[in-house]
Each structure stands twice: as structure tokens, then as C-alpha cells.
């Protein structure tokens, strides 16, 4: 073997890598403890990066529509104000949607739960009477049903006691609860401030990262990393847009359909299904269960109609709307959208469903490019 400088450098790197791996395996408890400590330190910045990514989608749209396409060529003051104005309008838009939904959903949900409680109290005697009529030939069952009593005060006290004891088990003391709340709020505030900096200075930050990359890595590596990062950003942003559009479409379909059939809680269920539909493919089923229970308390027959309606609309959404809206937005065929959702849900739950679709899309695009280049080199055309 020719022991030139390049070979010695590679051997030295392999030795260092082997030593690091052995140390990690030998002291894996310490390694995971340090890893957890490090994650806690960078958690606010990870949250900030996520917030910045989500807010950048509407902010970029607003900035392009109001100030883009050469509209501010000769106005330097307006150019400087474009980014802050777009950022403020984005915050107003996002928080406006959140407060509007809370204003609609929370009062409606509160009154609905109160009505459900009253309905349960009224319907239980009817249900017991129906059970007595059904089992009138069986004296033991009838006697057992007649002895059933519901003390709502005791039930309420039991529920309160359950949550009180449960909270006591989870949090050892009031101080621990307060510390957790303060820590969570502090983490979010730091993350939000970091997100604001990223959004207001993203071009400058982009240049700084590129300078660091070119300074310490080979030029070819940096260009590949930039290309993959750009593809990942476009894919994730398009997926986020497509997912929101799909959720709005589905929620609107349910609201209109329920209004046509004069079902109760049309607005509440429509908004609820729109929010749960942000979870790919399977999220709307959560809204269906809640909606069916609420409607059942008012009219059991309408609840059955609602379930049938949900199954029909879900088939339309799952087979036509979702694969085309979300699949086209990330450049991923419909079958691979379903595969990504299934694998992501199995590995990481709801978060995996949201992340795996754009991740699989990026891998799919890279692999497709590699395959096409290899076929071109071999002069092979596949029809």
C-alpha cells in the first residue's frame, strides 16, 4: 500500500471513527444522557425553525403578491419595509384564523357538551324502561335494572377526584407544575423570537450558511447539499399548502352536506373535521367519531346518515382529492402517498404521517434522477 498523505488521512479518520463508535457502545448510557441534554438545549431553536418554516409559506405568498414582480424597483423605502410588512400581515392572518376558530369552536363545543349532559340524564330513564320491556321475561335482569341508580353528584365528584389524583401522580407538586409551565412558555418564546429572526433575515442567514459550507467543505459537496436542501424546502412547503387546501375542501364538503340534510352541529363538525384532516388520510376519522356521537345524542337516525355520508365523502376525498391535491403538490404518485402515510404512521405516529410524505417525495425525486441519468449513460429508453 502506498502510504501517501491522502491514504494516511483516510486511515486516521477510520481510526477516530472506530474509537468513537466503541466509546458510544461502551458508555451508551452516558451518550444518550448527553444526547438528551443537548436536545433540550437546542429544542427552542428546533421549534423556532419549525415555526419559521410554517410561517414562511404564507409570508412568501403575501410578499410576492404585494411587493414582488418588480413592483418596487425605484422605491428603496418600500423595499426595506416589504419584509416587515409581510411578516406582520402573516402574523395577523395566522393568529386571526386561530382566534376565529376558537371563537366559533369553543363556545359551540361548550354548549354542545352541556346539551349532551342534559340529554344523557333525560335518555337514561327511557333506556332503562326499554331494557325492562326487552327483558321482561327474565326477572333477575329486570330486578337488576330496577336497582340501578345514578347519583350524578357522586359521579361528578368521582370524575373530579380522578383528574385530581391523576394530576397528583403526574406532577409531584405544585412547584413542578409551575416549573413545567414556565419552561414550556420560555421554550416557545425563545423559539418564536428565533423564528422571527430567521424570517426577517433569511437571505442574510442563507448567505452566511453558504459561506461556512464553502469554507469547510468541498465545492461539489456544498452544491449537492444546496440542491437537495432547495428540493426539500420546495417539497415540504408545497406539501403544507396542499394539506391545508385539502383540509379546507373536506371541511367545507361536510359543512355543506350536513346543512343540506339539516343535521345539527354542521359548523362545529365541519371545522373539527377540517382540523383533524390535517393528519393525512386517517385524520378525518377522528372528527367522524366525535361528530357521530354528538349527532347521536340529538337524533340517532341522523347519526347513521352522517356515518354513511362520511364514508361516501371519505372515499371521494381519499381516492380523488387527497392523492391529486397533496400528491401533485409534492410530485409524488398516489400509491407512494399511501405508502408514505402507512410507513410514517407505523414508525412515528401522527408526526410520521406528516413528515414522511415530503421525505419520501424528496427521496423519490433523487432516486428518479439517478435512474434517469444511468439509463441515459447506457442509451436505454424505457417506454
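The values are calculated or read from the model by the stated rules, or taken from the named source; none is laboratory data. In this text the structure is predicted, and so the values were computed from the model without any measurement. Virtual Cβ from ideal backbone geometry, glycine too; neighbours counted across all protein chains shown.
Name the residue, out of 305, 286, that is part of a helix (DSSP H, G or I) and touching a residue at least 12 places away in the same chain (Cβ under 8 Å).
305 is the lone residue from the list that is part of a helix (DSSP H, G or I) and touching a residue at least 12 places away in the same chain (Cβ under 8 Å).
Set side by side, the residues 72, 35, 91, 14 differ, and just one is part of a helix (DSSP H, G or I) and either surrounded by 13 or more Cβ atoms within 10 Å (Cβ to Cβ) or modelled with pLDDT of 80 or more (or both), which is 91.
Per the conditions (1) at negative phi; (2) assigned to a helix (DSSP H, G or I), the sole criterion not satisfied by residue 349 is (1).
Listed by first and then second residue, the pairs linking a residue in region 169-192 that is assigned by TED's automatic domain parsing to the domain that holds residue 39 and surrounded by 12 or more Cβ atoms within 10 Å (Cβ to Cβ) to a residue that is part of a helix (DSSP H, G or I) and at pLDDT below 75, with Cβ atoms under 8 Å apart and 6 or more places separating them unless they lie on different chains, are 171/177; 171/180; 177/167.
Quick check on my filter: what residues within region 227-251 are free of Cβ contacts under 8 Å to residues at least 40 places away in the same chain and touching a helix residue (DSSP H, G or I) at 6+ places or on another chain (Cβ under 7 Å)? Those that are free of Cβ contacts under 8 Å to residues at least 40 places away in the same chain and touching a helix residue (DSSP H, G or I) at 6+ places or on another chain (Cβ under 7 Å): 247, 248, 251.
This table checks each residue for (1) modelled with pLDDT under 80; (2) under 26 Å from residue 231 (Cβ atoms); (3) within 21 Å of the chain's Cα centre (by Cα).
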site: 245; (1), (2), (3): no, yes, yes
site: 251; (1), (2), (3): no, no, yes
site: 275; (1), (2), (3): no, no, yes
site: 284; (1), (2), (3): yes, no, yes
site: 298; (1), (2), (3): yes, no, no
site: 305; (1), (2), (3): no, no, no
site: 309; (1), (2), (3): no, no, no
site: 318; (1), (2), (3): yes, no, yes
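Taking the listed residues 131, 52, 78, the one that is touching a helix residue (DSSP H, G or I) at 6+ places or on another chain (Cβ under 9 Å) and at pLDDT below 65 is 131, with no other qualifying.
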